Structure formats: C-alpha cells, structure tokens
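Colleague: Just dropping this structure here.
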Amino acid sequence: MKENTSSFLIQTYRRFPIAFVRGRGARLWDAEGKEYIDFLSGISVCNVGHSHPKLLEAIQKQSNLLIHTSNLFRIIPQEKLAERLYNLTGMFSFFCNSGAEANEAAMKLARAYGKDKGKYKIISALNSFHGRTFGALSVTGQKKYQEKFHPLLPGVSFAPFNDLTAFASLMDEKTCAVILEPVQGEGGVYPAKKEFLQGIYQICKERDILLILDEVQTGLGRCGAMFCYQLYDIKPHILTLAKSLGGGLPMGAMLAQPDVAKAFSSGDHASTAGGNFLATTSALAVLDILEEENLPQKAKEMGEFLLNKLEELKTHLPAIKELRGIGLMLAMELSQPLAREVVSHALKKGLIINATNDYTIRFLPPLIISREEIEKGLHILKEVLYELLGYKEDKEAVSR
Ligand SMILES: Cc1ncc(COP(=O)(O)O)c(C=O)c1O
C-alpha cells in the first residue's frame, strides 16, 4: 500500500502507510504478510488481544440471532451487562458508543444533579483529554485540540493536574463536578498522585461536588486492577468507560452511583445504537475473559516486567529521560524530540508503538501479551533507540 490514506476520506488522521489484514493475540499481520508485535492495542481497545476465540464466538453467535432493536425495547444482554458492572462497581449504567459520548453523558448527569442547587460549573485538569465532541472538548485541557472550535461550553475551568490547592481554590458553591483521568493518557501518561486523588475525593464529598473519573483508557484491567480508581482507595460518583469495553466494537458506558443516577429520568438522555445486542454481548465476553484469565493481575505483572526492562535500558541510554506509568500503561520520555521517528523506525522493524508528542513514546500492549512477546518487542525498540540515539560502541551489545 503506497498511499497514506484514501483521498475520499476527510483528512482528520495522520496515518502510516500500513494496512493490517489479520490479528491474533498480541500480533498483527499486514497485507504483505509481515508480522508485527502490538504494543498499542488499537490505543487500549484490544485489552483481551486480537481475535480472542471466546470474543469471536460470542459476537458470531449473537450476530446470527439479532444485532439491534433500539432502546424502545428490553435488550437482555444490556441488562446483564449493567448487572455485571453493578456487581463490580455498585453503580448503575447508561450505554453509548464511545468515550466522548460517555463523558457527554457524565457532564449532563452532573448538571442535572446540580440543577436545583444552582450548580453547573465543571473543573478539569490541564493536559487532560476527554474526547472531541463539544462538551468533552470543552473539558479537555489542551489548547491544541480546542483552538479552532471556540466558543466552547461555558462554566469550565482548569487547574494543573496533581495540584490539590489549585483545584480546591476553583471549587465553589456553583461547582457541580470535577472530571479527571486517574492517569492522563493522551497527555503523555501521567499518573495522579495518591494524595491528590484522595484529596479531591474528600473535598468533593464534603462540598457535594461530583467526582467524575474518566477511565476510558485506564479502565478494565489496563492499570493492574479492574478499575484504576481501586488502586487509589476511592470511589467516584460517576465513572466513564469505553475503548476496551467493546473489545473492538464501538462501546461506551457512563456509570453512576444510584443516588446520582436518579437525576436522569426518561427522555433526559439517549443513544440510538447505545448498548445494542452486539456491542453488549461483546462487552460481556470481554468481562468474562478479563476475569477468567485474571488479566488485571497479569497487566500488573507484565507491566512490572516491561518497566524493569525499560529501566535497565535507561541505564545504558542517557537519552531516555524518564519512565512513567502504571500496569501496562507506560511511557518513555526522551530528552530529544525524536519520539515520532522512533515510532516510524520501530514500525518498519515490526513493532507497533505510539508517540503522544515529539518526546514521549507510549506503550499499551494487550493484557494477554507474553513475556516472550514483550522481549521480542523490546529487542526491536532497543535496536531503534540505539540507531537513533545511542552510542556506536553499544550497538554490539544490542545484537548479542
Ligand atoms: C481518557 C479518555 N477519555 C475519552 C477519550 C475519547 O474516547 P473516544 O475516542 O472513544 O471518543 C479518550 C480517547 O483517547 C481518552 O483517552
């Protein structure tokens, strides 16, 4: 495939000239039959790996029966999924099709909850990412995404991530919600500090402000627990999920504690295809796989394994400035703006990674990845880093 993209598409994506045709586990193959190790999971979507047999079987079986009827009727797999999520979180669910939509639903619910008390303001973090629709974009604390689209939603303010004092100073009697990612993903993989998230949680509880946690990227095993908030010993009032929930089918969910969920009544929110038979059946299979294969725990172990290997590499390569992350959500920051070049070179050698900016390389492998696959991927990464950043005399060490 020579062209980067079709000229019939609206040019919103910068694409690599590679067309994948097949996937299995943590591996993908392109149209020429070349194999790639996947350290990205379709940006944290394929947490259970590509073409998991159990997922395929569930989707095939359901698509032979029924795909969609609308939310005007009962959808039994949707009800089962809501019950499963309730058992995991104690929250009620609304289903939609993406992360941005889940956050839209969260913000609307927070406004509805605060309405009678005159609360409407939302506080978010600088460097955050919550999606591209107008509401989600309005609480995304990065100018580059917003620039062309002003005016945005009013009543939104931003404070530096991990700065409790700055957040507290913005919270007033008109604040209905604080929205945060427990680990800022698109912003470059910055985990929240425990005292920060716990502090926000405490202030929110005291002042009747809702804490919305956006776990679109961190949720469902990625960080070494089913939900990242469990690692912080807190519980959000509203939780948003998407990406890996559908296992590759479009799927989003907004979960809310029962007393908060009551602020919505029928007609307040909807999504035509949200929670349809196919997507919710797929999500049920994803939850089965996560539990049966103990994938949150595996993400913790494999994350430690990968991080240790990266730390080792850092001792040889001073051009690696910092390593960050939790579980299998990790980032490597370089001291030179070569991250995008590293990504392109790695792809040519058969490793899929991603750059969140010119300096930061992000790793989001499927949670089912094996040690051998991590080692194989790291070997490619090492070669590329030494070629682009390393010292000549160290090259031999890499090939050994
Ligand atoms: C934390 C977070 N929230 C929301 C979104 C938006 O999700 P979607 O692209 O499914 O709308 C993303 C996407 O990267 C994300 O990482």
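Colleague: Just to be sure, is ILE234 closer than 22 Å to ALA105 by Cα, away from the ligand (no atom under 12 Å from the Cβ), part of a loop (DSSP other than H, G, I, E, B) and without any contact (Cβ under 8 Å) to a residue 60 or more places away in the chain?
Modeller: Values: closer than 22 Å to ALA105 by Cα: yes; away from the ligand (no atom under 12 Å from the Cβ): yes; part of a loop (DSSP other than H, G, I, E, B): yes; without any contact (Cβ under 8 Å) to a residue 60 or more places away in the chain: yes.
For ILE234, the condition - closer than 22 Å to ALA105 by Cα, away from the ligand (no atom under 12 Å from the Cβ), part of a loop (DSSP other than H, G, I, E, B) and without any contact (Cβ under 8 Å) to a residue 60 or more places away in the chain - is met.
Colleague: Quick check: is even one residue across segment 205-227 assigned to a helix (DSSP H, G or I) and hydrophobic (A, V, I, L, M, F, W, C)? Don't jump to the end; show me each part of the working.
Modeller: Within segment 205-227, the subset assigned to a helix (DSSP H, G or I) is 205-206.
From what is left, the residues that are hydrophobic (A, V, I, L, M, F, W, C) are none.
There is no residue in segment 205-227 that is assigned to a helix (DSSP H, G or I) and hydrophobic (A, V, I, L, M, F, W, C).
Colleague: Anything in segment 83-108 that is more than 16 Å from the ligand (Cβ to nearest atom) and in contact (Cβ under 8 Å) with a residue 12 or more places away in the chain? List them, or say none. Steps first, answer last, please.
Modeller: Residues of segment 83-108 that are more than 16 Å from the ligand (Cβ to nearest atom), as a first pass: 83-93.
Passing the criteria: ARG84, LEU85, LEU88, THR89, GLY90, MET91, PHE92, SER93.
Colleague: Touching a residue at least 12 places away in the same chain (Cβ under 8 Å) and either within 17 Å of the chain's Cα centre (by Cα) or over 23 Å from ARG207 (Cβ atoms) (or both), is that true of SER138? Lay out the reasoning, then the answer.
Modeller: Numbers: touching a residue at least 12 places away in the same chain (Cβ under 8 Å): yes; either within 17 Å of the chain's Cα centre (by Cα) or over 23 Å from ARG207 (Cβ atoms) (or both): no.
Here the answer is no, as SER138 does not meet what is asked.
Colleague: For segment 289-400, list the helices (runs of 4 or more DSSP H) that sit wholly inside it and hold at least 2 residues that are under 19 Å from the mean Cα position of the chain (by Cα); which are they? Before the answer, list the steps.
Modeller: On the way: elements: 295-316, 339-348, 371-389, 395-399.
Hits in segment 289-400: 295-316.
Colleague: Taking PRO296 as the residue in question, decide whether it is modelled with pLDDT under 95 and of a type outside the set (Phe, Trp, Tyr). Working first, answer last.
Modeller: Working: modelled with pLDDT under 95: no; of a type outside the set (Phe, Trp, Tyr): yes.
Here the answer is no, as PRO296 does not meet what is asked.
Colleague: Of the residues that sit in segment 237-281 and are in contact with a helix residue (DSSP H, G or I) (Cβ under 7 Å, 6 or more places away or on another chain) and farther than 25 Å from VAL45 by Cβ, which one is nearest to the ligand (Cβ to nearest atom)?
Modeller: HIS237
Colleague: Additional query: Consider only pairs whose beta carbons are under 9 Å apart and that are at least six residues apart or on different chains; among these, list those whose first residue lies in segment 53-79 and is surrounded by fewer than 16 Cβ atoms within 10 Å (Cβ to Cβ) and whose second residue is charged (D, E, K, R) and not in a loop (DSSP other than H, G, I, E, B).
Modeller: LYS54/ASP288; LYS54/GLU292
Colleague: Now a separate question. State yes or no: is LEU255 surrounded by 21 or more Cβ atoms within 10 Å (Cβ to Cβ) and not hydroxyl-bearing (Ser, Thr, Tyr)? Spell out the reasoning first.
Modeller: On the way: surrounded by 21 or more Cβ atoms within 10 Å (Cβ to Cβ): yes; not hydroxyl-bearing (Ser, Thr, Tyr): yes.
Yes: the conditions hold for LEU255.
The values are calculated or read from the model by the stated rules, or taken from the named source; none is laboratory data. Please read these numbers as outputs of a predicted model, since none were measured by experiment. Because the Cβ atoms are built from the backbone with ideal geometry, glycine has one as well, and the counts that use them run over all protein chains shown.
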